[in-house]
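Structure first, commentary second.
Laboratory data are not the source of any read-out in this text; all were calculated from the coordinates shown. Just so it is clear, the model here is predicted, and its values are computed rather than measured. Glycine also receives a Cβ, built like all others from the backbone with ideal geometry; neighbour counts cover every protein chain displayed.
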Amino acid sequence: MIWNKSYECMSRDEMCALQGKRLRETVERVYANTPFYRKKMQEMGVMPEDIQSVEDIVKLPFTVKTDLRDQYPFGLFASPMSEIVRMHASSGTTGKPVVAGYTRKDLGIWSEVLARTFSAGDCDSRDIFHIAFGYGLFTGGLGAHNGAERIGASVIPISSGNTEKQIQLMTDFGSTVLCCTPSYALYLAESIHKKGLQDKLNLRVGFFGAEPWTEEMRREIEDKLHLKAYDIYGLTEIIGPGVSYNCHCQSGMHINEDHFLPEIINPETLQPVAPGEVGELVFTTITKEGMPLLRYRTKDLTRLVYEPCECGRTNVRMEKIMGRSDDMLIIRGVNVFPTQIESVLLEFSETAPHYHLYVDRVNNTDTFEVHVEMRPEFFSDNMSRMLDLKKRISARIQSVLGISADVKLVEPNSIPRSEGKARRVTDKRNVYANK
Amino acid sequence: MNIIKQLSVFLENKAGRVTELTRILGEAGINLSAFTIAESSDFGMMRMVVSDPEKAKELLKQHGFAISLTDVVCLQTPNTPGSLHKALAILSENGVGIEYMYAFADGDHAKVILSPDKLSDCVRVLLAHQQQVLDADELYSF
């Protein structure tokens, strides 16, 4: 089912014209209201009138995550606070979170793009939505909530955690649609099978996102929960979940490109890649008022497919994320940069700045080990002193990054030294679709 | 002075690490008189009394081991029921605590390596109560 045919099935020419118009309006808006962008554009010698069509986007400055941190909390807002009705923030990163502000119109756009997402999964007002994304600053819970209400479904805002209760309500209320992270879906599935309650389920559709997942995980979730699993992509900086979505063909994710204008660039040269080539995904929000972003670098690697889809939609598709152009890891839904771990380790004089991170997925839960070299002069005969160091490092990582880590002290000089760029991460999860 | 230099070595849980250590010591003609391995969930610690602790320390350091030398006490008791208790009671009555110990019995005697919280008190108290405390030469000669 197509929620909004006039936008989802628009001809390419009409879409380009619409995007050009909306891009112009957005550039005018940020130039007038956001000193950060005005300054950047002035430095580049670009004026709003230089932007006439979609092609002119290459004249505009990029935005990166650190810009959002530097402008914390509200520096990138293009609406006065009196018009901001909601704020969200990204989870678990060091120092300042990334803050997003929404006007009433922005919330309308957000529920619109999620209504398209849920309709593409053949959901409607007869469905019972079990929303097990976290509610709160995280965009997952409230985002999916508003979208499900928009299509008139019955919503169970159960949020994340408390698996017992999840299963009870899911079976008692007859939930037909599940929204959560794919790893939680698998955990839930296993808990349900352990209780022998799989035949009591009434699920038929699931929307999963907020972390990378594989085709194998999709099949496993579908088998165990007897539902059709849809991928949902998004990021707080752009709007939250609903930036792009699977249709029933499940051949890439349709981008809501009348709101979020995508580009693919070479992360080294920052130049656009040839059509169909893999590169870094960049979004410009062209309808948002609260916090419009120009050319935001997602650091996610993928390619765009412009051929119309069998489902009838013409909006461009992005393929499953194939990797990252930076070294960010997503562990149990939390964004982790190796440099954040490094700065924690540097606070401890007992360890050397040589470390290696090991990430794996065991029983559908991410495991995270931090191996760090002990300084030879710190080593002592005192076992409890050594165990205490381990504990203190773990506690510090937990408080800075919001994620628990298994810290292992290793022998001096045992972590391989490399010339040039150090390889500090071993991620055995294979969560990205390597093409 | 009846003090023994004990060598402590940090051991990652890694296959072959102890074998490498015994090879290095053996090739250098260093004898192991006593040892114990303590382990936590992800690393271990080998504590040992060797014939030439300073040499062993330098050698193992060169091979990348993290090591430290610790002063410990070697108590010798008769290998009979109640002997160890008698010695330990003396220590506890005199306020000397023990962090860890390991022991081996051989024939008529048993030797106990002690890591006390108060080293010189430990030696003094034991000697004052007619306990036998070995010095390094006596221990290595076994």
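Mind sorting A:Phe378, A:Phe337, A:Phe129 by how few other Cβ atoms lie within 10 Å of their own Cβ, fewest first? Walk me through the numbers on the way to the answer.
On the way: A:Phe378 19, A:Phe337 16, A:Phe129 26.
Sorted ascending by nearby Cβ count, the order is A:Phe337, A:Phe378, A:Phe129.
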Per residue of B:40-47, other chain Cβ atoms within 10 Å number on average 5
Work out the length of the dipole vector of the stretch B:4-67 about its Cα centre, built from +1 on the beta-carbon of each Lys and Arg and -1 on the beta-carbon of each Asp and Glu, and round it to the nearest 20 debye. 80 debye
Lys/Arg Cβ at +1, Asp/Glu Cβ at -1, dipole of the protein assembly as shown taken about the Cα centre: which of A:Leu137, A:Val30, A:Thr365 is farthest positive-ward? A:Val30
Assigned charges on the beta-carbon of Lys, Arg, Asp, Glu; the stretch B:21-142 dipole about Cα centre (debye): 60 debye
Antiparallel versus total DSSP beta bridges in the protein assembly as shown: what percent is that, nearest 5? 75 percent
Cut-off is 10 Å between beta-carbons; in what order do A:Trp3, A:Trp213 appear when sorted fewest neighbours first? A:Trp3, A:Trp213
Run the numbers on the stretch A:273-400 and let me know its relative contact order in percent, using alpha-carbon pairs under 8 Å that are six or more apart. 14 percent
Output wanted: per-residue J couplings in Hz (rounded whole) for the stretch B:14-28, from phi through Karplus 6.51 cos²θ - 1.76 cosθ + 1.60, θ = phi - 60°, x for Gly and Pro. 9, 4, x, 6, 5, 4, 5, 5, 5, 5, 4, 5, x, 5, 8
Tell me the Rg and the Dmax, in Å, that the Cα atoms of chain B produce. 15.8, 46
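Considering Cα pairs under 8 angstrom that are at least six residues apart, work out the relative contact order of chain B and quote it in whole percent. Walk me through the intermediate numbers first.
Details: 244 pairs, mean separation 39.9, N = 142.
Answer for chain B is 28 percent.
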Under a crude label model (7 Å from the Cα following the beta-carbon direction), how far is A:Glu268 from A:Glu83 in nanometres? 4.3 nm
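Given the Cα atoms of chain A, and with Rh set as the inverse mean 1/r over their pairs in the Kirkwood sense, what is Rg to Rh to two decimals? Working shown, then result.
Working: Rg = 22.8 Å, Rh = 23.1 Å.
Radius of gyration relative to Kirkwood radius: 0.99.
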According to the Kirkwood expression over distinct Cα-Cα pairs, how big is the hydrodynamic radius of the stretch B:74-134, in Å? 11.5 Å
Report the charge-dipole magnitude of the stretch A:5-326 in Debye, nearest 20, computed about the Cα centre from +1 at each Lys and Arg Cβ and -1 at each Asp and Glu Cβ. 680 debye
As a test of the formula, what do you get for the protein assembly as shown when each DSSP H run with n ≥ 4 contributes -39,500 (n - 2.57) and the sum is divided by the residue count, at 222 nm and rounded to the nearest 500 deg cm²/dmol? -9500 deg cm²/dmol
Pseudo-spin-label distance B:Ala128 to B:Lys14, built 7 Å along Cα→Cβ, given in nm, is 4.7 nm
A:Glu222 and A:Glu190 label points (each 7 Å along its Cα→Cβ direction) are spaced in nm at 2.2 nm
Which of A:Lys391/A:Lys428; A:Lys408/B:Lys14; A:Lys408/A:Lys428; A:Lys165/A:Lys200; A:Lys65/A:Lys390; B:Lys5/B:Lys111 exceed 21 Å between C-alpha atoms? The answer is A:Lys391/A:Lys428; A:Lys65/A:Lys390
Within 10 Å of each Cβ in A:370-376, the average number of Cβ atoms from other chains: 2
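If neighbour count is taken as other Cβ atoms inside 10 Å, put A:Arg317, B:Arg17 in order from fewest to most. Can you show the working numbers first?
Values: A:Arg317 24, B:Arg17 17.
The fewest-first ordering by Cβ neighbours comes to B:Arg17, A:Arg317.
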Rg [Å, one decimal], Dmax [Å, integer] - the stretch B:4-67, C-alpha atoms: 10.9, 32
